[in-house]
Amino acid sequence: LTLVNNLFTNTVNTSSFDQGGIDFEYQNDGVKTLNNYFEGNAGPGIEMLAIRSSNDFSTNHILEGNAFKGNGTANVGSYKGAISRIGAAFTPTGVIRDNLYSESTGFLVGDSFSGFSQSNNLAASNSAGLYNSGAGFSAVQGQNAWSYQSFDGSSWSNLSFNTTSSRWQGSSSFPFMDRFNSHPEACSTCWVARSFTAPSSGILSIRGRALKAEIGGGDGVLVRITRGTSVLLAPQSVGANDQEGVSTQLDGVTVQAGDVIRFEVNARNENSYDWVSWMPSVAYTSYTTSLAGGNLSLAATASASSTDTANGYAAGKVNDGTASTDFNGWTNLYNA
């Protein structure tokens, strides 16, 4: 089983155990959890249970390129954080690598993760410093730092939102994109992109996986990542039937406030069956507040004398990069 490019968010607090994003409950082997996004779950983003009898197992898992933000809001025992291991009936095994996280209740929580090899799991600088294109998708250009654009061979322009189909599109049938997928037009020099505008100066890490969402034919696509006119990730080929896809991982990307990082898709020679699943995450691993134009508020740590975190009124929401016009809007955005 491969779980890729999904949102696992806002599992509610029912005063029970678990209540997380994914629960590895009993007799699991070889599950790949790749480039998903976990946010605001009452329990952990992912939990590994080892509480059953001796014939239970949880082995050979790959947890790679995921992003975790603000999970474990109920703060119950070990049922919190990004990834929680609960119980010692056996030792779960696998790989935990290249994940991004912003978690006040911890990254790895509970019993030992000694059965997992671990590498390059990176913390965002603060709660405002982690963004996901799926969670941040909206009908407004620039909201949550994301925009939706196309390149016609000479210049970039904004797409228009179609309220009927809930997707961004060009003036003709193509290109278009929805929360999870992009579809380019039939033009060898054209690109369609979901674009991240850096709200502050600093150093970014990027995670993502681009794969074909439909495999009925065509000649595949090209994907790349750019910063302005600079190519950060050279064009990668995704074949017509490729549902494993390519990892689009970058670390140490320097940006100044206002820089645009584009996640671009090109149709190659023709664009039949060119739905491409790609849901990138971006995290600030450090801020460079001395550069002109940097948003200093995003680099600050907010605190309060008391908070109602059970209902989502955490102090860090005042500088999380999301604007709202009233108190209820703030609450609704947090719970969306």
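Odds and ends about this structure:
- When restricted to Cα atoms, the range 147-246 yields an Rg and a Dmax of 14.1, 42 Å, respectively.
- Considering the range 1-130 at the alpha-carbon level, its Rg and Dmax are found to be 13.3, 43 Å.
- The modelled label-to-label distance between Ser15 and Leu232, using points 7 Å beyond Cα along the C-beta direction, is 4.5 nm.
- Most to least accessible of Ser114, Ser78, Ser133, Ser305 (protein chains only, probe 1.4 Å): Ser305, Ser114, Ser78, Ser133
- Across the alpha-carbon atoms of the chain, the computed radius of gyration and Dmax are 20.2, 63 angstrom.
- Taking amide H as placed 1.01 Å from N in the peptide plane, Leu204 has its amide H under 5 Å from the amide H of Gly252, Val253, Thr254, Val255, Thr285, each at least 5 places away in sequence or on another chain.
- Separation of the Ser104 and Ala139 label points, Cα + 7 Å toward Cβ, nm: 3.2
- In the chain, the DSSP-assigned H stretches of four residues or longer account for a calculated mean residue ellipticity at 222 nm of -1000 deg cm²/dmol, using -39500 (n - 2.57) per stretch and the full residue count as denominator.
- Beta-bridge orientation, the chain: approximately 60 percent antiparallel, per DSSP, counting only bridges with both partners inside.
- Taking all protein chains together, Val95, Val255, Val140 sort by accessible area into Val140, Val95, Val255, largest first [probe 1.4 Å].
- Here the Karplus curve 6.51 cos²θ - 1.76 cosθ + 1.60, taken at θ = phi - 60°, turns the phi angles of the range 145-161 into couplings of 6, 10, 10, 9, 9, 9, 10, 9, x, 9, 8, 8, 9, 7, 7, 10, 8 Hz, with x standing for Gly and Pro.
- Once exposed loop GluC sites (Glu not before Pro) are cut out (DSSP; at most 16 other Cβ, 10 Å), longest piece of the chain: 26-243
- Evaluating 6.51 cos²θ - 1.76 cosθ + 1.60 at θ = phi - 60° for every residue in the range 89-97, the Karplus couplings come out as 5, 7, 10, x, 10, x, 10, 10, 8 Hz, glycine and proline recorded as x.
- Percentage relative contact order, the range 174-258, counting C-alpha pairs under 8 Å, at least six apart: 33
- Of Gly239, Gly21, Gly208, the one that fluctuates the most in a GNM where the chain has Cα springs shorter than 10 Å: Gly239
- Taking 7 Å steps out from each Cα toward its Cβ at Glu270 and Ile51 produces label points 5.6 nm apart.
- Built amide H within the under 5 Å cut-off of Asn6, gap 5+: Asn36, Tyr37
The values are calculated or read from the model by the stated rules, or taken from the named source; none is laboratory data. Bear in mind the structure is a predicted one, so any value in this text is a computation, not a measurement. We place every Cβ from the backbone using ideal geometry, glycine too, and count neighbours over all the protein chains shown. Ligands, DNA and RNA are excluded from the accessible area calculation, which covers all protein heavy atoms including side chains. Shrake-Rupley method; radii C 1.70, N 1.55, O 1.52, S 1.80 Å.
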